[in-house]
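The values are calculated or read from the model by the stated rules, or taken from the named source; none is laboratory data. As the structure is a prediction and not an experimental result, all values here were calculated from the model. As a convention, Cβ positions derive from the backbone with ideal geometry for all residues, glycine included, and neighbour counts pool all protein chains shown.
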Amino acid sequence: MPTILITGGHKGIGLEATTRILERGGFDVIMAGRNLAEVDAVARTLAARYPERIETVTLDLSSLASVHTAAVAVQALVRDQRVTPLQVLILNAGAQFMGPPQYSVDGYEKTFATNCLGHFLLLNLLLEHIQDCGRVVFTASGTHDGKTMDGKMVGKPVEPDAVRLAEDGKSGKPLPWGVRYSTSKLCTMLYAYELDRRLRTKGSSIQSIAFDPGLIVETGLNRSAPAIMQQLMRTSLANRLFKVLGVTMGSLAFSGNALARLAIDPAFAAASGKYIQSSSGQLIEAHSSAMSYDLGRAKKLWADSAVLVGLGMCPREGNKEIE
């Protein structure tokens, strides 16, 4: 019985995916989230319904120290045989921070720190512990493509320059919050594709898959928005309007189930390097933006991100970049 680690698996599409995985059976689950009391409460509810082992770890993706601590905790759970070896890593959690830039405890712009650097570090710390034929699934977003309505609605992404994004707003005019978010999702796409290339070069059997769940009005992704905006986003009128405008639409149930399938379904055992999209009740292989396929940008983003998170610079065990 292999183990799946999912970030943000206690709410939204993460919870839907976790539930579908447990319903299928045959997998231990580690749920990682910032508010451990909240994660533990969800885990207890699930444990009362399913026989699989469910463990939790504290993970604040905006804090590099928290990511290191979480990675050590995951390794300890496996070492102590509280869960089986890690087979799947679902990098699902994400956030939008509206308004002026906010900064993490490490001094990095919080959107980029949370959506990109935290997952990048967690991936690098745990990849060597993923079993053969395992999978890494990145929750991306159609907003990464500025030529689509998804990207236009939020804000066209800018150059995926890790240093510039990490320091946004510290000198010069800051990026709009929507552009910070869409660019973070472009970086997610670049990470997913670059990981696939690195894995294939090494002859690894691990898969790297990018997933767009579509716009899901039921989730709390816009929890930093004013309450009235959050309420309007959840109305059927808003849903219909988004469809008319050509926005890629998902739903909590369908997209959550799709995320679970990408993690465990044999049908996606050869989906590495692909971009899978939930669109109006269909799961399709889609083309991502032209910039997301740029090899030079991907390599630079990876290298700069490694420097920003301190990979290869500290003697800490496991603190080594995926080459």
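Summary of values
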| quantity | calculated |
| --- | --- |
| Whichever residue in the range 289-323 is of a type in the set (S, T, N, Q) and assigned to a loop (DSSP other than H, G, I, E, B) and, among such residues, is modelled with the lowest pLDDT | N319 |
| Pairs with Cβ under 6 Å, 6+ apart, first in the range 139-160 and farther than 24 Å from W302 by Cβ, second modelled with pLDDT under 90 and aliphatic (A, V, I, L, M) | M149/L245; M149/V247; D150/V247 |
| Criterion violated by G14 - all others in (1) in a loop (DSSP other than H, G, I, E, B); (2) crowded, with 22+ Cβ neighbours inside 10 Å satisfied | (1) |
| E23, sole failed condition from (1) acidic (D, E); (2) under 22 Å from Q81 (Cα atoms); (3) in a helix (DSSP H, G or I) | (2) |
| Hey, L195 aliphatic (A, V, I, L, M), closer than 17 Å to H287 by Cβ and modelled with pLDDT of 90 or more or not | no |
| Qualifying residue in the range 67-89 (condition: more than 30 Å from S251 (Cα to Cα) and acidic (D, E)) | yes |
| Residue within the range 163-173 that is over 21 Å from the mean Cα position of the chain (by Cα), in a helix (DSSP H, G or I), of a type in the set (D, E, K, R) and over 14 Å from D304 (Cβ atoms) present | no |
| Residues of the range 84-115 that turn out to be of a type in the set (V, I, T) and either closer than 24 Å to E55 by Cβ or within 12 Å of the chain's Cα centre (by Cα) (or both), as a count | 4 |
| The range 107-145: number of residues that are of a type in the set (V, I, T) and assigned to a strand (DSSP E or B) | 3 |
| Sole exception among (1) under 15 Å from the mean Cα position of the chain (by Cα); (2) modelled with pLDDT under 95 for L121, by number | (2) |
| Matching residues in the range 82-96 - criterion: being more than 18 Å from G9 (Cβ to Cβ) and modelled with pLDDT under 95 | Q96 |
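Quick grid of which residues meet (1) in a strand (DSSP E or B); (2) within 16 Å of the chain's Cα centre (by Cα); (3) surrounded by fewer than 21 Cβ atoms within 10 Å (Cβ to Cβ); (4) modelled with pLDDT of 95 or more:
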position: A32; (1), (2), (3), (4): yes, yes, no, yes
position: V39; (1), (2), (3), (4): no, no, no, yes
position: T56; (1), (2), (3), (4): yes, no, no, yes
position: T69; (1), (2), (3), (4): no, no, yes, yes
position: A76; (1), (2), (3), (4): no, no, yes, yes
